[in-house]
Structure formats: structure tokens, C-alpha cells
Amino acid sequence: MANAQQVVNISTVSQVPSAGLWMDAFRRLRKDRLAILCLAIISTYSLVALLAWLGVIASDYAAIGPDSYAAPSAKHFLGTDIFGRDVLLRTIQGTRIAISIGLVTSIIAIPIGVVLGAVAGYFGSFVDEVVVWFYTTVDSIPDLLKIIALSFVLGRGLFSVYISIGFTTWVGLCRLIRGEFLKHKERDYVHAASALGASHTRRMFVHILPNVFHIVLINFSLRFIIGIKTEVVLSYLGLGVEPGQPSWGVMIDDAKLELARGVWWQLVAATVAMFFLVLSFNIFTDALREALDPKLRNTK
Amino acid sequence: MTDFLRRYFLFTVCLSFSVIVPLGCTKNESSDEFENYVHEPVKANIKGLDPATTGGDLYSAVAMGQIYEGLMQYSYLERPIKPEPSLADGMPVISKDLKTYEFKIKKGVLFHDDPCFRTSNGRGRELTADDFIFSWKRLADPANHSDGFWIFDGKVNGITEWRDAAVKRGAADYAKPIDGFEAVDKYTLKIHLKRPYPQLLYVLTMTPSYVLPHEAVETYGQELQNHPVGTGPYKFRSWTRNARLIYDKNPNYRNELYPSNGETQDKTEGRLDDAGKKLPLNDGVVFTEIIEDQPRFLNFRKGEFDWVEIPKDNFDSSVVNDELTAGFKDQGVVLNKSIDQDVTFDGFNMEDPVVGGAKGKYIRQAMTAAIDTENLIKKFYNGRAVSAQGPVPPSVVGYDPGRKNSLKTYDIGLAKTLLKKAGYPDGIGLPEIVYETPDGTTMRQMSEFFQQEMGRIGIKVRISMNTWPQFVDKIKNRKAQMFGLAWAADYPDAENFFQLFYGPNSSPGPNQSNYNNPEFNKLYDKVAVMADTPERNAIYHKMEDILVEDCPYIYDVHRKSFVLTNGWFKNYKRNLSLLNYVKYYRIDTQAKRKLRKKL
Amino acid sequence: MLSYIIRRVLYVIPVLFGVTLITFVLFNLVGGNPVYQKLGKHGSEAEVRILSHEMGLDLPLAQQYLFFLKQCVTFDFGRSWSTNQQIGEMISNGIGPSLSLTVPAFVTSVLLSIVVSLALMFFRNTAIDRGIVVICLAGISISMLVYIIFFQYFLSYKAGIFPISGYDSGLVSRWRYLLLPGIIWIIVSLGADVLLYRTVMLDEVFQDYVRTARAKGLSEKFVLFKHVLKNAMIPIITNVVLEIPFLYTGSLLLENFFGIPGLGGMTVQALNNSDFPVIKAMTYIGSILYVGFNLISDICYAWVDPRVKLE
């Protein structure tokens, strides 16, 4: 008996997306030159961020200098700020903070969204009701209020920014994952897996999850955009990084006073840096969506 | 495109334009109606207009100062400012023991016409001595949680007892008299004090002492803060909260005239031209609440406001070498300079184990020596400040002009020596110090500056930004290790600055550093009842010596104000303690029309 | 259908309950103690105790929560802690300006987006299509804060076309002040909306029935307008309805910068003042609106689209 069962070809049952879906996606992406360009831009920013984090470059961004508000010159490519700090170095540090926000908030939000969504979609009935109630409740509170309240509890600073953005942006992902799990749990391959004795956990995370993983990937990419733009608003409201740390949001906040003196370089530097990164993410995410699953174009 | 699409698109475009164009072109009709009104910018939101219940913030006080009046007011032109009679008829008669003041009240002063005067069909009633007693009882009424009760608490006979009884009873009994306030007759008011109170005349100029009619309180209750009724030169018209507050001239205002005495520069600068004229000199005032610096300044440049303080970022383009730049001068703009009676500081919590007490003295002194005040003044005040040698600012009674604080010389060597003396050579072993500050871009930049300064001698500072309530909360609960603040004089007497260090005034009182020095406290008790004499000044100097040595605060600067006024705006003269200034302003409407075209 | 509606309506209750719970927990455990803020510079210990008692801050948490719950049910939120005004009045004062800003901007933006998307359908796969898409993507890659700072400086100050800031409660005169913020709102949302609507319409365009219509010889324009637009309207309307609840807060940034005394600005101020009664009122109302419009949207969707299964 056991022998006969073992003979069944596992790969047809498990339906882990075979090389098929990913290879296909990769091929389609490769042909899209614009998307590749964006990916390259994103990678460059990430590299810069990594180097900045390691202290290899821009480590003396906090060095105060004698020339306050100096215009761009050979010595300071992008000019200086009120304390004579080099704007280019500050922009590079801002990159580090931007990329880190995308990464860390993903690490926080994605597991929450995925687990809750999976559990809700898979188990249905009471568990589903509870999860849906929970995320509907969380979602109906205006975002800004949630973030500000959390920053009150956790104090200000980058750490608190990570947590507040992470804990308030998982709902969208959760909804999508839940929807997918609802659909997939009735599929044949899942029934087959269960017949083979796979536990619930195994079925959820080994069998179904890989099939919906592309959603996670797209969400990950989107998250950078949300995180970076939210940080700008938070810095304006005074809830961003600690004073002393430069982020693009802080630079833009400084800029609102500086324009009056004709000092435009901090505003332009931060905006342009942010623009190219966010635009690249936007284009890349779109391309990713198209490549991975044409049907997904409908969902945000 | 389809016909329909084309039509639809055209329709949308036309709709948008038909809405945008005429509305964009709509002239600001309101400005013509308010041509002879003063247009005041307000930097923060006005909280309310009830002298007893609205908190003590400067902006609400200014708003209230035009509607209500007190027994006294400050002299508009004479300096140093001194109290002169407002609703009082002449200066009070003071008893020999300095414990009884007798005021005569001006006859025939009417409250604003208002529906709350039901028996007289809305006509304002005449002011009597009883009205003052009623208004002052409201300060003591625990239900009002009045921020201004301190002006009488512990100083006037029976007032603390009256309040305690109210607390016990659960509600105040307004029928019950207060010993210290006696209405001898309709126009005579006597104040009986527990002990001499040399600042009494000052506090009778302040917002909490303003008089209002009981009819208004009975009619409007809590809504009084949106519907003020007083005796002032203006009456309330409308208030769009957080946007605009409008007052009209009070047609029944008593006969008050523009002063004829002033300083020499008042004569030369034209501020005595209106001497003897009946006040107010304009038709009303429009307060516009604008929190962001840039929009406020830009609106001034367009002629929407009559005056503005120059924000630090616009300074260099406006003022060069203490003179206005040409562009401004062509448009008739005038620069007005004056020294404010305030002090900005970095405070220490004297109860903190690291920086407080005798133990932390050398740390505090070291930090004082490490501050580059000149650079601070340059960066954040555009040079418009003087380095504070102690807590007391210039032009306040008791100021010590000869004082030189040996610590404020920006001497890194000295700072390092002191730090070593404290037991932390080069900052080694000293834990990170937390500096609390309220929110705001400029606040953030200033604390970054402080952080850098301290870094120079090895002290690590972490900046903690807070909303205002959080900030106040931490200080009152003694949880703030260091904090950045300023104190503006309530009245022009150094005692108002010394009370910040008086032991019994510790948090949640105004002594925010919780400084408690028995020697200092004894000296304070002594001067609290002394009138202005050379002996008192000598003691004042000694007290300041102690404060400089112990430095519970790092005294940063006394600020100078550089205010721009538009060419049609006359009689501007600033003093932080003088709040009822709008009635003295005059708008030259001819000049206004001409100059506005140039802007 | 009816049972679906009833079930959905009843579902609102536990959600609102959850909202009050989360709001209370979040804001009651945080923020500064407003007592000190109210007492100003000269408070004493006794005063602090009395005021705390009056504000109900010395009651056990559970009791405070029950009181809050009662307020939510009766819609009586009391008075603001920082300005002492009746909160109901504050909200009714603030709603006018907020809606005056957001509703026209929103409607214009939606209409314009639909028009542009339709046009893009006509020009699909051409350079115009790709170009507009890139412009939209670029538009949403810039923070609203930057738009505000930039336009206010150049259009209001330098060029003098728009007033710099401020507001007039007059019915006609207020629009002068709402123009620039409104335009900024439109610019910022056009990008995202066009992209979304275009996607939705593209989906329809590729459907079988469209091919059939074309095969029948119907003109492209007719097909576009009659079939594609109509079917695309379902998801578009769903999306529009879902965005409506957020109109009432106005846009925080715009109101702040342009000095418009609406609900968004009021909320931010309340947060900065630890004005708990105002914050919870705004949160609660926001949730009701959100949940309510979700409900409407779900019901409309179920009614309009026969394919939707009624669980």
C-alpha cells in the first residue's frame, strides 16, 4: 500500500510553481528595457545605501562647516545647509534611511499581512470573521492618526517610524492574501496534499503560499514607495527621524523655510533623489505585475 | 474622438474654467470694508476670549486686551513702561503700611451693547466697583481652573479661604464676600492685602484682572470665550476659529485720549502727532491666525498685514547692516527695533542625579562655557539678540547693566577644565544627556546646534522632540533632564524673573528647574515686599550672583525684535508686556491706497 | 439580497465597537497630560488634582472607557480640552471649509481622469499612451509637500496669481483661497486615478464582447463609449465611493499650509494638543463614514454585478 502511494509523482501534486511561471515572468521582464533600467537604478540606490550604512561613503555627513547656505560649487556639489553641512552627503544618508524604511517596514508588515491573510482565508468561518473584523477596524481608523498615536507611545525617531508604518500598512496585503487563499484552498492540488497527509501549516505555507508569492513581491516593491512618501509627511509633522539625522523628509522640511532666502539646493536634491527612486519603483512594480500575472493588473 | 467624447471633454474643461476664471478674478471685496481696520497677524491659534478660563498664552491675551480693560494699563510711549490708570480714576491711594489700596473708578463707563443686558434692551450697563469684585471672584472659582489666580492668591485677604471653601462645598458661592475686596460705594474699590505687594499695580494691568459683567457670564456661561463682553475700545464682531477674528470700534467707548508724553524719538518719528485725539484711532481690527512663517511674511509683503516680525530666513534679504534693503524702502516699509524683556535659556532639572544639585554644578558651568552665543545669535537671531549675562533682561527694573558673566565667554578650554573638575574629563563616564524641546523646524535646528556645541567638549546629547502638552507635562512632572525655553516678563520688574527660582514655586509651578536654595529663598522673601529702592537693587544683584554661580539655567540671549511695518501704519511701538495697543494705531488710508498699488 | 444587506448592516456594529476600543487604548495611554497644558505657567499641586478629577482622568481606565462608549453612542463628545468649544460645533464649523476644498477638487479630478483614460483607450499602444503613463508615474513620485512648497512660492508669491494663504467664510469669496490648494490636490490625484482607470478600462477593452462588437462593424468610438466605459464604471465607482470618507478630513497638509480652517487641520492640532475628546470624535466619525461607504459600495456592487456571489 505504502509503496503504491510513494510511487505517485509528488511534483504533480505539490504544484509549487514550476520553473514555468517564474521563468516566463523573468523572460518577459528581461525584454522590457525600461523595467531593467529601473531595476538598475534601484540597485544603484541600494548599493549607495548599503555603503552609507557601512560607513564607507558619506560618513562625515554631520560635519559642520563654516559656509552656511553655500550655493553648489566644486567643493560642495549640492551646496550646504544652515550649519554648513554638505547637502550631497546628506542626500546620500537620506538614501540609506529611505531604503531602510522600505526594508524594515516590509519585514514587519509582510509577515503580519501574510500570516493573518493566510489563516483567515484558509480556515474561514470564525477565524476568518475575527481577522476580517480586526483588519476592518484597523483600516477604518485614518492612517495618520494611527501613526501619530504610535509615535506617542514609542517616542520619536527612526525606530518608531519603522514600527508605526509597519503596523499600519499590512491591511492591503492581508486582504489580497486572504482572497487568494480563499480561492486556492478549494483547488485540487490542495486537496491532494491533504490526502497525502500534509498538515494545515504545511498546506498553507508549503503549497499555497508559493502560488501567491508574486503578490507579496509586488507588495514589497510598493511598500518602498509608501514608506518613502510617508516619511516625508512624518518629518514635516516632526515625527520623523531624530534631529541630527538627515532624511529626505527632513531636508524638504528645512527647505520650506529656505526658499525664502533663495536657497533651493536642499529641496531640489531631496526631491530629485526621491523622484528617481520612487519613479523607478513605480515603473518596475508595474512591469513586475504585468510579467507575473496579467490578471493581477486589476488590483492595487 | 467621438462627438460625445469631444463634447464631454469640452464640457469638463469649460466647467472648470467657468468656475476658475471668475472666482480667481473675484476681488477681495472684504478688504474695502476693512480699509480702516488694523490687520494683525497672529503666530499661533487664539484659544479663547474669557479672561478667567482662557490659558495664559500671549496670543489670546492680546486678543482679549482689546476687548476688555483693567484698572490699570501700561504707558504706551513712556519708557520704561509704568502702570497708569485705565478704568481707575487716577492713581490709587496707598495706606502707610502698604497693605490697603483705594481706587476710584471712572464714572460713566459703559459695557458693550449686547443682548445679555436684557433689562435694558441690549444697551450696555454702567461699570461699578462690584463688577471688579465679581470678575476677580471668577479667578478664585475652582470651576474655572483659572490660570491667572496667582495674581491674588496668597496676597489678598481671604481669597485663598474663599476658594478653599468653594472646593469643599463643591461649588463657589458668589454671594459670599472676600475680605480683601471691598466696594465702599459704587465708584470706590478697596483692596486689602495680607502683606505689602509691590507688584500689585503691575498685575492690575494683566489679562486675568480684566472686568466683565455678570450678565454676560450668566447668559453665555462656557460660551463666553467665544462671545466676550467688556468695556474696551473694541467690541466683538465675529470669529472663524483658527482663521480670523474681527472686532469693530466700540461707539460707546469712554473718553480716552492718545498720550501726550513720550520719549524724544517718539516726537521725531511722528508718534506724538496724534496726541490728545480720542481713542481708538481706527475702525476695528482683523486678527488673522497664520502659524507658518513663510505665508505670514509673504502676506505682509503683499500688504495684507500691517506689521510682521521678520522670520530668520527672510532676514538677510530684508535687512543689511541694520538697515532695510532698498526694495522695502521703496514700498514705504519701516523697520522698528526694540529689545524684548525676555530671556531664552537651556534649563536643568535640579533634582536630576547627574546634572542637578551641587554635584552637577561644574557640569552646568562647563556647558555654559561651551556655548558659542555669538554664533547662536548669528544663525538663529540674525544678530538680533544680546548675550544674556544672567536671567534679568535690560530695561526691566532691577537690571544690572554692569554684569559680566565670566562663564559666557565661549571658552572651550575653561569648559573642559570645569568638566574635568566635575569628574568627567573629556566627557568620559558622563551618561548621555537628554534635551527636551517642543516641535518645530526651527526648534529642531536649534537643538541640533546645541548638540554640536556639547559634542565639542565630549558631552553626548540626545534630542527629544515633543508636542507642547508632552513638553509641559515632562517639565511639570520633573521628568525633563534638560529643556529649552524662554520667559517673557509679565511685568517689568526683575522679581518676575527671580520668582522662577523661588523654592516654593517648584513644579508644577513656574520654577521649572525645581531650584531650591535656602539662602536665595530668604533673599526672595525679603525683596517680595520691598518697593523699588537702591537697597532692593543691591539685593537683586546679590540674588543674580547666586543664580549665575549655580546656573540652574544656561542663560542664552535676550531677544531684540525687528518688526517691519507698512508705510500707512502709524504709531507702532512694541513692548511685550503691553497688550492693549491696537487702539493707538492709525491707518493712513490715503497712503494705503497709494502704496498698495506698488506691492 | 435583503438578508445580505441586513447582515452587512449588522456587521457595522462590532467594527465600530472595535474602533472605539482601539482608539481608546491608543490615545488614553499616550500623549501628554492635558491638565498641565490647561493650567499654564502657574499651576499648583491642588489645582492639578482638582482638574484631573474634573476631566475624569483619575477614574479607573475601564470606567473611562465606558463613559467614552456612551459618548460615541449618543454622539455627544463634550468640549475640546484645549479651546473649550463644543466639539459638535467645532466639527460643523470645520466641515464647510474641508468639503469646499475637497469635493470640487475630487469631482474634477475624477471626471478629468475618466476623460483622459478614455482618450488613452483610443490611443492605446501609441506613444501618446506610454507618454501619459510615464507622466502620471512621474507625478505620483513627488511628495505632495514638494508641490505645495513649490507652487505656493512661485504661483502665489512670485507671480501673484493666487493668494498665499488664508480663508474667507463668505460663500463666494472663499473660492479665491481654495483654488491653488484645489489645483494641487487635482494634480496629485490625477496621476494615480488615470493609471487606475486606464488599467480598469484596458481590462474591459480586451474582453470578448468588445471583440464581438468590433467584429459586428461598430465604430471604435462607439464601442469605447457605450460598452467599455459602462462596464468600467463599476470598479471605478466602487473605487470612488471608497475614497469619499477621506474627503471629510480634507487634506491635512493643504489645510495646514494654506491656512484653511477645516477638519484636517483641526485634527492635527488636536493631536499636537493631546486634545483627546476631539481626536476620538474625529476618529470615530471617520470610521463611521468609512464603514458606511464600504457598506454602500458593497451593496451597490452586489446589486449591479450579477456575477458576485452573495456569501
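Derivation of every value follows stated rules applied to the coordinates shown; laboratory data play no part. In this text, all values refer to a predicted model and were calculated from it rather than measured experimentally. Cβ: placed from backbone, ideal geometry, glycine included. Neighbour counts: every protein chain shown.
From its DSSP helices (H runs of at least four residues, each -39,500 (n - 2.57)), chain C gives a residue-normalised ellipticity at 222 nm of -23000 deg cm²/dmol. What shape does chain B have by the C-alpha gyration tensor, where a ≥ b ≥ c are the square roots of the eigenvalues, rounded means a/c under 1.5, and otherwise prolate means a/b greater than b/c and oblate the rest? Oblate shape, in that a/c is at least 1.5 and b/c is the bigger or equal ratio. Summed over qualifying helices (DSSP H, 4 residues or more, each -39500 (n - 2.57)) and divided by its residue number, chain B shows a 222 nm mean residue ellipticity of -9000 deg cm²/dmol. Could you run the Debye sum over the Cα atoms of the protein assembly as shown, one equal point scatterer each and no solvent, and tell me log10 of I(q)/I(0) at q = 0.06 Å⁻¹, two decimals? Log10 I(q)/I(0), no solvent term: -0.57. Rounded to the nearest 20 debye, the dipole size of chain B about its Cα centre is 640 debye, using +1 on the Cβ of Lys and Arg and -1 on the Cβ of Asp and Glu.
Amide H contacts of B:Val319: B:Thr325, each under 5 Å away and 5 or more positions distant or on a separate chain (H built 1.01 Å from N in the peptide plane; Pro and chain starts excluded).
222 nm [θ] for chain A, helices only, -39500 (n - 2.57) per DSSP H run of 4+, per residue, to 500? Dividing the helical sum by the residues of chain A leaves -23500 deg cm²/dmol. Highest-first packing order for the peptide set C:51-60, B:371-380 is B:371-380, C:51-60, based on the mean count of other beta carbon atoms within 10 Å.
Just list whichever of B:Lys43/B:Lys267; B:Lys155/B:Lys522; B:Lys104/B:Lys168; B:Lys337/B:Lys460; B:Lys155/B:Lys573; B:Lys137/B:Lys560 have alpha carbons separated by over 27 Å in the model shown. Long pairs (Cα-Cα over 27 Å): B:Lys43/B:Lys267; B:Lys104/B:Lys168; B:Lys337/B:Lys460; B:Lys155/B:Lys573; B:Lys137/B:Lys560. In chain C, the convex hull through the Cα atoms has an average projected area of 21.5 nm², a quarter of its surface area.
Can you give the longest run of chain C that contains no trypsin sites (Lys or Arg not before Pro) sitting in a DSSP loop with at most 16 other Cβ atoms inside 10 Å? Result, exposed sites excluded: C:1-123.
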